Each structure stands twice: as structure tokens, then as C-alpha cells.
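Structure first, then comments.
Just so you know, all these numbers are worked out from the coordinates, no wet-lab data involved. Just so we're clear, the structure is a prediction, and the values are computed from it rather than from any experiment. Heads up, the Cβs are rebuilt from the backbone with ideal geometry, glycines too, and the neighbour counts pull from every protein chain shown.
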Amino acid sequence: MSLLLFLEQTLNGLQLGVTLFLMAAGLTLVFGIMNMVNLAHGSLYMVGAFFAASFTQWTGSFFLALPLAILATFVVGVLVEAIALRTLYARDHLDQVLATFGLILFFNELTKIIWGPISIFMDVPPLLSGRVELIAGAPYPIYRLAVLAVGLAVALGLWWLIARTRLGMLIRAGASNREMVGALGVDISRLYMLVFGLGAALAALAGAMAGPIYVVEVGMGDAMLIKTFVVIVIGGIGSIRGAFVAAVIVGLVDTFGRIVPAQLGLPTAIAEMAIYILMAFVLFFKPTGLFAARA
Amino acid sequence: MKYKTLFAALALTASAVLAQPASAQQGVKIGLITTQSGPNAGLGRDMVDGFNLAIRHAGGRLGGVPTELIVGDDQFRPDAGKALAERMVQRDRVDIVTGVIFSNIMLALSDTVLKDRRGVFLVSGNAGPSELAGKDCNPNFFSASWQNDNTHEAMGQHMTNAGIKRAYIMAPNYPAGRDALAGFKRFFKGEVVAEVYTQLGQTDYAAELAALRAARPEATYIFYPGGMGVAYIRQYAQLGLMQQIPLFAPSFSADQTILPGVGDAAIGMFSSTFWSESLGNPANEKFVADFEAAYNRIPSPYAAQSYDAAMMIDAALKATGGSLANKDAFRNALRTANFQSVRGPFKFNTNHFPIQNYYLTQIGKDEKGRLVNQMRGIIFSGHADAYVGACKMK
């Protein structure tokens with residue numbers, strides 16, 4: 001592989017990584033703090049993308065549609081938490097898996113009823129269309145660079161939120177010992193609702209930014225969800241820092257895993273297994289993940 | 001006393017049934033199995049709408065007899081498709097099963113339909129696996145679409161004709177993807193720079209496209225149906241490759257289930273197909289216009305195939321006087337069905353797969369500014385599949 005191709009693939013890997021991070025950050029908080037397995041996280045990614053596509057059509061502006069879609073998905077997230085999930089916190093993980101799997105089916109069907117069964121169009125905003133020759137001879141889409149930049153900015157913002165604010169302190173405390181936080185008089189149900197809404201908003205941001213490059217269709221979040229789970233397991237459940245590091249590693253491993261075996265003449269099935277091999281490897285040495293929140 | 005009444009009643013009923021002449025029309029019952037949930041639900045929607053349009057064109061009665069259509073969702077799962085076929089054949093007692101988009105589902109349910117002792121017919125509205133064209137061909141199986149390899153063979157032939165020497169070819173890693181590229185290579189005589197298989201359902205192709213650009217091929221051939229196709233074509237255009245390395249694809253990656261999602265990025269792409277929305281013949285013009293009027297969108301090949309399946313059943317029923325009682329008569333009528341296919345010339349080969357034309361189209365805009373497949377010429381006329389030799393039917 002030439003240096004040029006290597007650099008380009010690194011960019012691709014990083015860009016996939018930050019998208020995964022936006023998904024993983026919300027999921028790992030919900031899992032870590034609320035001890036809730038939420039399979040429907042991918043549905044919020046899909047809902048965010050569909051909202052963004054529709055709002056772009058209505059307002060004519062991607063940049064106006066993006067905050068609207070995030071806000072709308074935040075509301076959907078809070079409603080889902082209040083209506084469907086709140087009763088599940090005390091139940092065991094299997095019940096949660098079953099119920100949130102049901103939510104996936106519910107959201108897929110509802111999306112199909114509202115937006116129809118075929119993919120809908122969402123364009124790259126004109127301001128960010130086109131390419132820039134960051135690496136000589138390999139013009140790179142500006143939009144993908146923008147996704148990378150937004151992902152990094154959100155990661156920084158989340159670090160600030162978690163490490164420097166009162167809410168962040170509660171989230172960290174919740175992740176390491178939920179019962180104690182409740183015993184100290186913190187309104188746990190409000191905290192849960194906020195955390196879930198935050199996770200939904202991040203998923204919506206990921207979905208809305210993915211819309212113009214991937215495809216806005218029913219079920220688009222399902223494949224994303226599996227990779228996201230790999231990320232939070234590798235990163236350590238409940239840890240934002242772990243989610244970030246793991247997302248970047250998974251993004252890079254997945255990207256290079258899709259290219260390198262083919263060039264070495266190895267079976268391409270390795271591409272599909274690469275991130276799972278990585279996960280098994282990490283779990284062998286660190287069974288709680290790279291940065292486990294709970295000691 | 002009680003028994004006497006019962007017997008009398010039974011006798012009356014029996015005589016009433018027996019008294020009906022054989023030609024009296026009991027109607028035709030058709031089971032349509034297709035995918036109505038998940039990411040491929042759009043294909044199923046076109047299939048159902050196309051079939052219903054044909055029934056409407058036949059005045060609500062295929063072959064002039066009362067027509068009952070039962071639609072079922074296979075959920076994109078072979079086991080669910082098979083269970084559905086069992087229910088339709090054994091409980092609903094349908095005469096004909098049609099539809100079926102995916103080959104794995106077709107292979108899972110074909111035995112259930114074809115081995116039933118009543119002699120149920122299976123008319124594929126899409127899937128055309130090589131098994132059913134070759135060694136497992138069956139007198140009661142008919143394809144209203146094509147054999148799976150055909151569309152890809154056509155593009156292989158076209159790219160050979162166009163003098164393309166170095167092609168980069170890609171497909172998802174599943175049986176239909178490998179069959180597609182095998183079909184392409186059967187007729188492409190240039191060099192295949194790389195044959196790349198990606199994960200089924202993958203929608204990020206940044207890594208693969210960077211490798212493609214570095215390999216500097218003369219042209220690219222892809223088989224990516226559904227959402228994969230939407231994502232691939234857009235990313236291909238976003239990298240600026242559409243002008244540098246022309247993109248060629250079968251209709252599955254360029255039809256009306258794909259184009260609305262891709263947008264203008266698809267303009268200029270070439271496609272091979274047995275039918276197109278802009279194919280000029282009276283039957284097709286009527287079909288496309290009425291489909292648009294009824295459903296407010298341009299039909300895809302899935303709609304066209306399903307429409308043709310219904311029209312072929314209609315013609316066969318007319319030939320037998322509306323009767324399905326004599327299975328041999330109905331089979332012969334289907335084999336020689338005299339109907340105006342929306343694809344133009346059509347006839348069945350000995351394995352009950354079509355012998356038909358394949359066309360080259362290019363994506364452009366119609367007078368209303370919508371993306372359509374515009375005709376660019378014929379690639380194959382009267383093309384048959386490669387498996388007919390392995391079929392014992394004569």
C-alpha cells in the first residue's frame with residue numbers, strides 16, 4: 001500500500017471512528033449509568049436521519065435542519081424513556097433486550113408508514129460539497145472532513161461536560177455507583193431522562209450527518225448498532241473516554257481490515273471478522289474493557 | 001330420522017356440486033409472496049402494485065374468471081417464505097404462487113409449491129436461481145423475469161463491445177453477488193483488475209473506493225441492490241469518480257427503487273436491463289402511464305415483471321377457457337402464452353425461462369426533471385440463459 005493510500009484510509013478510518021463514537025457515547029452512558037441494555041439506540045440514529053432529511057426538504061437548509069432534527073430526536077428519546085423504558089430499569093437484561101428489540105420493530109414499521117418503504121434523498125449541503133486535495137492526488141470529500149471535525153468537537157464538548165460540570169459529576173458518580181447517588185438525594189429519574197435524551201441527541205447527530213453519505217432508509221441503524229456495541233464493550237461500559245478510544249480503534253481496524261487482506265491475497269471474510277477478533281483479544285486481556293467505569 | 005335429513009342434505013349438496021359442468025368457472029386463486037417489511041419493502045410494494053394493475057387491466061378478472069389474490073410478506077426470511085407457501089398451498093389452496101424477490105427464499109419454498117399433489121404452478125416475479133433454470137427445472141415452474149446471471153452477462157457483453165480493457169468489479173459477499181460477477185465475467189473479455197466482495201448491508205465504501213481509485217481501472221462494474229446501491233453510487237460521485245471512471249451497473253442498482261435516493265449523483269451511469277420505464281412499445285407505454293396515474297411514481301422492473309406475470313396468467317387462462325382443471329392444458333397454455341409483454345418480444349425457453357432482449361440504458365432526466373433510465377440501444381436480442389442445457393425438459 002502506498003503512503004498516499006495509507007493516509008487516505010487513515011482519514012476514512014477516523015471518520016468512521018467519530019461517527020461510531022457519537023453512537024457509542026450515548027449507548028455507553030445509558031448502559032453504564034442506567035444499567036439498561038437499549039437495542040433501540042440504532043432506531044434513534046435512523047429517526048435522526050429521517051428527521052434531518054425531511055427538515056432539509058422543508059427548510060431548504062441542512063444547517064437549519066440539523067439542530068431541528070437533534071431537538072426532535074431528543075424529544076422522541078425522552079418520550080421513549082418515559083413511556084417504554086422507565087418500567088424496565090428494575091427488570092433483568094433479558095427483559096430489556098426483548099422490549100427494546102420490540103422497539104426496533106416498532107420504529108422500523110412506523111418509519112415505513114410515515115416515509116414510505118424506499119430510501120429517501122438527502123443531499124450534501126452545497127457549502128460542504130466538493131473535494132479538497134488534502135493529500136496530493138487523492139481529492140477528499142469536504143463533507144467527510146466536516147463530519148470528522150464535528151465528531152472531534154463533540155468529543156471535546158462531552159469531555160468538558162463530563163469532567164468539568166455538575167451534571168457530568170453526577171453522570172460519573174452514577175456510572176460508578178448508582179445506588180449511592182440516589183441515596184445522596186439526587187433525583188435519579190430526572191438524571192436518567194437527561195442522559196437518555198442526550199444519548200438520543202448524539203445518535204441523531206450521527207444519523208443526520210450520515211444521511212448525505214450513506215443512505216436514509218428503514219433499518220439503517222441496525223448494522224450501526226452492532227458495531228456500536230463492539231465499541232462500548234472494547235472501551236469499557238460507562239466510560240466516555242473508553243468509547244472514544246475504542247471507536248477510533250474500531251474505525252481504523254474496520255477500514256484497514258476491508259482493504260489489507262484483499263491486497264495480501266487473504267480471504268476477504270477477515271474483513272467481516274476483524275473487529276470481533278479485536279474485541280475478543282481486548283476482552284482476553286481486559287475483561288471489563290479498556291477503561292471500565294466501574295472498579 | 002336425523003340421519004336421513006343429513007344424508008338428504010349431503011346428497012343435495014353433492015349433486016349441486018357435481019351438476020356444475022367442468023367448464024363452469026370456479027375462478028383462480030393466486031398467492032403472491034413478496035418482501036413487505038425491512039429495507040427491501042419497496043421492491044415488494046412495486047411487485048404487489050404491478051400485479052394489481054394487471055388485474056385491473058383485465059377488468060378485475062384474469063382470463064375472464066373471478067380472481068382472488070392473497071398477498072403474504074416473507075419478511076426477507078427463507079423460513080418465513082416457506083411457511084407462507086405451505087399455508088397458501090395447503091390451507092388457502094391457491095392454484096398459482098407468484099412473486100418472490102430473493103433467490104434464497106425461492107429455493108426454500110419452490111419444493112413446497114412444486115411437489116404438492118394438486119399440481120400448483122409457481123410463476124416467479126423476480127428470483128431466477130440457476131438451479132431452477134438447470135438441473136432442478138420443473139414443468140410447473142415459470143419465470144416472468146430472467147435467469148439471475150442474464151442482466152450481468154448483458155453488461156459484460158456491452159463493456160466488451162465498448163472496448164473496455166480494464167474493469168474493476170464489485171458486489172456484496174453473498175450467493176447472488178458472486179453469481180452476478182460470474183455472469184459478468186462470462187461475457188467480459190477484458191482484464192478484471194480486481195474482483196472485490198464487500199459485506200452484505202455495508203453502506204460505507206470509503207475504504208474500497210480509495211483502493212479502486214488507486215488501481216486506476218478504465219471502468220467499474222457493480223452489483224449493489226437496494227440501500228447498498230444508493231450509498232455506493234453517491235459515494236462514487238462524491239469522490240469525483242463518475243467523470244474519471246465510468247460506472248456500469250445492472251438495473252437492480254439503477255431502477256426506480258434506487259434513483260430517488262441517489263439523486264443527481266446517478267446522472268451518466270450506465271445500466272443493463274431487460275426492461276426500462278422508457279422502453280417504447282404500446283404495452284409498456286400503457287403500463288407506465290397507468291402505473292404512474294394509479295400510484296404516483298414511476299414503476300421499477302419489479303412492477304413490470306409482476307405485471308407481466310399476471311398478464312401471462314391472464315392469457316393462459318383465456319386459452320383454456322378459464323379452467324385450471326386440466327393441469328397439462330394450463331401448462332401448455334402458459335408455455336405459449338400469447339400476451340403483449342411490456343418488455344417487447346418474449347418467449348419461453350424449454351426450461352420455462354424467458355428468451356428476451358437486454359438493453360443498455362443511461363441515467364438522465366425526463367421532461368419533468370425526474371431521473372429515469374434512458375434507452376441507449378440493444379445489447380442482446382433473443383438471449384437465453386446458460387443453464388438450459390442442464391434442464392431435462394424438452
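Note on chain A: with a GNM built from Cα contacts shorter than 10 Å, the maximum mean-square fluctuation among A:232, A:114, A:270 falls on A:114. Distance from the alpha carbon centroid of segment B:30-94 to that of segment B:298-331 works out to 14 angstrom. Look at where the Cα atoms of segment A:165-203 and of segment A:263-295 average out, and the two centres are 30 Å apart. Residues B:209, B:324 in ascending order of nearby Cβ atoms (within 10 Å, fewest first): B:209, B:324. Each of A:56, A:87, B:320, B:350 was scored by other Cβ atoms within 10 Å of its Cβ. Listed from fewest to most, they are A:87, B:350, B:320, A:56. Pairs from the table (B:165/B:185; B:189/B:347; B:135/B:185) lying more than 18 angstrom apart at Cα are B:189/B:347; B:135/B:185. Under 19 Å from a point placed 7 Å out from the Cα of residue B:243 along the Cα-to-Cβ direction: which residues of segment B:345-366 have their backbone N that close? Counting backbone N atoms under 19 Å from the label point, the list is B:363-365.
Annotation: amide H of residue A:36 within the under-5 Å range of A:31, sequence separation 5 or more or interchain, hydrogens built in the peptide plane. Using only side-chain charges placed at the Cβ, +1 for Lys and Arg and -1 for Asp and Glu, the dipole size of chain B relative to its Cα centre rounds to 900 debye.
Put simply, the amide H of residue B:166, placed in the peptide plane, has neighbours under 5 Å in B:191, B:218, B:219, leaving out anything fewer than 5 places away on its chain. Positive-end ranking of A:53, A:212, A:9 along the dipole of chain A, with charges on Cβ about the Cα centre, is headed by A:9. What the Cβ-Cβ distance of residue B:118 and residue B:174 gives, at R0 = 25 Å and to the nearest 0.05, is a FRET efficiency of 0.15.
Charges were assigned to the Cβ only: +1 to each Lys and Arg, -1 to each Asp and Glu. The resulting dipole of the protein assembly as shown about its Cα centre is roughly 700 debye.
Across chain B, C-alpha contacts under 8 Å between residues 6 or more apart give a mean separation that, scaled by the residue count, equals a relative contact order of 18 percent. Considering only alpha-carbon pairs that sit under 8 angstrom and 6 or more positions apart, the relative contact order computed for segment A:143-271 is 14 percent.
Placing R0 at 22 angstrom, the Cβ-Cβ distance between residue B:325 and residue B:393 gives a FRET efficiency of 0.45 after rounding to 0.05.
Each of A:127, A:113, A:238 was scored by the projection of its Cα onto the charge dipole of chain A, and the greatest displacement toward the positive side belongs to A:238; charges sit on the C-beta of Lys, Arg, Asp and Glu. The ranking of B:392, A:286, B:185 from fewest to most other beta carbons within 10 Å of each one's beta carbon is B:392, A:286, B:185. If you look at the Cα atoms of the protein assembly as shown, you get an Rg and a Dmax of 27.9, 100 Å. Distance from the Cα centre of segment B:163-185 to that of segment B:341-394, in angstrom? Between the Cα centre of segment B:163-185 and that of segment B:341-394, the gap is 19 Å.
Helix B:226-238 axis versus longest C-alpha principal axis of chain B: approximately 20°, rounded to the nearest ten. Taking all Cα pairs closer than 8 Å and separated by 6 or more residues, the relative contact order of segment B:258-394 comes to 30 percent. Between residue B:379 and B:358, B:359, B:360, the built amide H atoms are under 5 Å apart, and every one of these is 5 or more places off in sequence or on another chain.
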